[in-house]
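The values are calculated or read from the model by the stated rules, or taken from the named source; none is laboratory data. Note that the structure is a prediction, hence the values are computed from the model and not measured. Here the Cβ positions follow ideal geometry from the backbone for every residue, glycine too, while neighbour counts run over all protein chains shown.
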Amino acid sequence: MKKIRSTVALAALLIGAANFAIAQNAPGAPQPGALTFVDSDIRLVIDYPPVAAKAFASTPVRQLKKGSVLPATGVIGPLGMTQMWSRSQHEFSIGPRTAKYPVIGSVRCSNFPNTGSFTRVIASTTVLKVNLKAGEVLHSGDYRIEARRAIQSGEAIPTLRIVTGGKDYFLSIEETPSNHKDASTQPALAIVNELAPPGDFDIVMEAWRKSNESIRTGVLNGHEE
């Protein structure tokens, strides 16, 4: 793994474009399969306020205001920049274990060639205002809420708020086995914006899996504050 010390402005990425400037004295291109890390900043061009709906409320773990600048680490793979994560992290309790997640980041997903946009990921805490049984689906307002385990009203759920196409989705960090034999794990709680195009949820799930995988494999170890 290589690390490049440079400043990469992320403002353009957060509003749609994904252009990165790397210092010209940076090391040569990484070997196939290698990762390179760059020092960067995440510059917020919009607010990310809490979301309150009839059946749930979700709050970012850190106040994220327009104009804020967060030191960050960019991850470069064979195809270029693939992820960008704030160095500031939040420790969640997820069942019997704890896990640290960046407070905000962006992930390159399979829609990037068409949109030129990365998908935003925001560490949040989500609280339901209703009880849900395992396997229950609730339609409330603009949202479809699905629980894969029993969740009690008032229970604080460590969540990734994923933003794509201007819509917010809320997926628990906690994973559960899929009902389908060959499918990947699923979030224990998924709150889906029903006004968004159906294909957007595939991108949301891709961002969720990539985020969890980055934390699980320790890609960012040594790059936090």
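Every residue, every condition in (1) among the hydroxyl-bearing types (Ser, Thr, Tyr); (2) under 29 Å from Leu195 (Cβ atoms), yes or no:
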residue	(1), (2)
Leu70	no, no
Met81	no, no
Ser93	yes, no
Lys100	no, no
Arg108	no, yes
Gly116	no, yes
Ser124	yes, yes
Glu146	no, yes
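Screening Leu14, Leu35, Leu10 for residues that are under 14 Å from the mean Cα position of the chain (by Cα), at pLDDT below 90 and within 21 Å of Val121 (Cα to Cα) leaves exactly one candidate, Leu14. Residues of segment 115-141 that are charged (D, E, K, R) and either surrounded by 20 or more Cβ atoms within 10 Å (Cβ to Cβ) or under 17 Å from the mean Cα position of the chain (by Cα) (or both): Arg120 alone. Output the residue which, of all residues in segment 197-225 that are among the charged types (D, E, K, R) and surrounded by 10 or more Cβ atoms within 10 Å (Cβ to Cβ), is modelled with the lowest pLDDT. Once the filter is applied, the top-ranked residue is Glu224.
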